[in-house]
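This report refers to the structure that appears directly beneath it.
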Amino acid sequence: MNINRNAPCWCGSNKKYKHCHLEFDKKLFSYAQRGAIIPPRSIIKNEEQIQRIKESSKINTAVLDLVSKNIKVGMSTDEINTIVHEFTVSQGAIPAPLNFQGYPKSVCTSINDEVCHGIPSPEVILEEGDIINVDVSTIYNGYFSDASRMFKIGEVHPDLDKLVDVAKECLEKGLEAAKPWGFMGDIAEAVQKHAESNGYSVVREFGGHGVGLQFHEEPFVSHVGKKGTGMLLVPGMIFTIEPMINMGKPDIFIDSEDDWTVLTEDGYPSAQWEYTVLVTETGIEILTY
Ligand code: MF3
Ligand code: CO
């Protein structure tokens with residue numbers, strides 16, 4: 001254990017170690033001794049980084065608010081892309097999806113049986129009764145934020161209406177379960193229980209992720225699992241919770257034509273909500289929603 005108490009803290013705060021993460025490290029070490037999976041230092045954010053990620057988050061939320069205001073029946077998903085792209089750029093920010101691992105657009109739009117990573121297109125028109133996830137991610141001054149919302153287009157079938165609402169509740173259950181010195185598995189179990197008690201299933205292959213300094217950081221945030229397992233949650237961690245809830249079976253496949261769009265294997269619909277959260281000393285703070 002580093003006992004150079006007067007050296008600058010490893011977190012980059014410019015404070016002395018003894019006034020910054022010394023007590024934190026002691027606590028972390030005691031958990032590690034008891035066998036906990038502890039987070040790497042690289043994903044523990046300092047105050048400055050948190051402020052920057054909050055600035056990015058603010059823009060990300062404004063983008064989603066703008067989409068909420070404008071989304072309507074008859075609109076193409078490419079028009080959603082245009083709204084997202086133009087507003088983001090007008091704020092001096094960059095849409096994180098654009099060119100990410102070759103992704104061709106500035107937002108993901110996933111309709112009905114599309115689970116996630118749907119690519120906006122002028123040919124895809126929103127129809128009455130559709131449900132759609134719009135997933136927005138922003139880079140501002142090099143800092144990342146990420147959130148998605150579901151939208152119901154006009155009158156939707158009661159079964160879809162319920163799916164969208166329960167998916168949101170699943171996220172909320174995950175948020176309630178997330179606390180400092182708890183575990184990733186606490187979130188997973190809360191989400192999974194709520195989904196399954198409603199007769200739904202949870203996608204396993206995709207989950208949430210650390211975010212902030214990069215688009216996707218450690219840890220992987222599973223939405224299936226057991227409480228008390230997985231990585232320890234500690235103050236300064238920032239990650240998304242973004243359960244994908246399927247009406248039918250959990251199985252998915254990736255569209256071989258575009259190599260991006262994730263769909264349900266059985267063709268039943270899927271819904272997803274995503275927030276970025278910060279773990280604080282006392283609880284969690286939702287950064288973008
Ligand atoms: N926003 C997605 C997430 O929640 C990631 C999309 S990657 C992209 O992690 F390239 F498809 F945009
Ligand atoms: Co995400």
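Any read-out appearing in this document is the output of simple, stated calculations on the displayed coordinates, not a laboratory observation. It should be emphasised that the depicted structure is a prediction, and the values quoted were computed from it without experimental measurement. All Cβ positions, even for glycine, are placed from backbone atoms using ideal geometry, and neighbour counts span all protein chains on display.
Normalise the Cα radius of gyration of the range 1-59 by 2.2 N^0.38 Å (N = residues in it) and let me know the number. All intermediate terms of the calculation are to be shown ahead of the outcome.
Details: Rg = 13.4 Å, N = 59, 2.2 N^0.38 = 10.4 Å.
Compactness ratio reported: 1.30.
What is the range 84-200 by shape, rounded, prolate or oblate, if you read a ≥ b ≥ c off the alpha carbon gyration tensor as root eigenvalues and call it rounded for a/c under 1.5, prolate for a/b larger than b/c, and oblate otherwise?
On the way: a/c = 2.45, a/b = 1.19, b/c = 2.06.
Oblate, because a/c is 1.5 or more while a/b does not exceed b/c.
What are the ³J(HN,Hα) values, in whole Hz, obtained from phi via the Karplus relation 6.51 cos²θ - 1.76 cosθ + 1.60 with θ = phi - 60°, for each residue of the range 31-42 in sequence order, with x given for Gly and Pro?
Residue by residue, the range 31-42 yields 5, 4, 4, 8, x, 6, 7, 9, x, x, 4, 4 Hz.
For the chain, what is the mean residue ellipticity at 222 nm derived from helices alone (per DSSP H run of n ≥ 4: -39500 (n - 2.57); sum divided by total residues; nearest 500 deg cm²/dmol)? Mind showing how you got there, number by number?
On the way: 5 runs with 84 residues, N = 289.
One gets -9500 deg cm²/dmol as the mean residue ellipticity at 222 nm.
Please order W181, W273, W260 by the number of other Cβ within 10 Å, starting at the fewest. It would help to have the intermediate numbers written out before the result.
Details: W181 14, W273 24, W260 18.
Fewest-to-most Cβ neighbours within 10 Å comes out as W181, W260, W273.
Specify the inter-centroid distance of the range 20-35 and the range 166-210, based on alpha-carbon positions, in whole Å.
Going from one Cα centre to the other spans 26 Å.
Ordered by residue, what ³J(HN,Hα) values in Hz, to whole numbers, does the range 234-241 give under the Karplus form 6.51 cos²θ - 1.76 cosθ + 1.60, where θ = phi - 60° and Gly and Pro are x?
Karplus-based 3J(HN,Hα) across the range 234-241 equals 9, x, x, 7, 10, 8, 9, 10 Hz.
Between K193 and Q33, what is the FRET efficiency for a Förster distance of 35 Å, r being their Cβ-Cβ separation, to the nearest 0.05? Don't skip to the end; give the middle numbers.
On the way: r = 30 Å, r/R0 = 0.87.
Efficiency computed from Cβ-Cβ geometry: 0.70.
How far, in nm, would the chain grow between D161 and K26 when pulled straight, counting 0.36 nm per residue and subtracting the alpha carbon separation?
On the way: separation 135, 0.36 × 135 = 48.60 nm, distance 4.76 nm.
Gain on extension, D161 to K26, equals 43.8 nm.
Tell me, Kirkwood radius of the range 119-174 from alpha-carbon pair distances, in Å? Before the final figure, lay out each step's value.
On the way: mean 1/r = 0.0756 Å⁻¹.
Taking the inverse mean of 1/r over all distinct Cα pairs, the range 119-174 comes out at 13.2 Å.
Report Rg/Rh for the chain, rounded to two decimals, where Rg is the Cα radius of gyration and Rh the Kirkwood radius.
1.00
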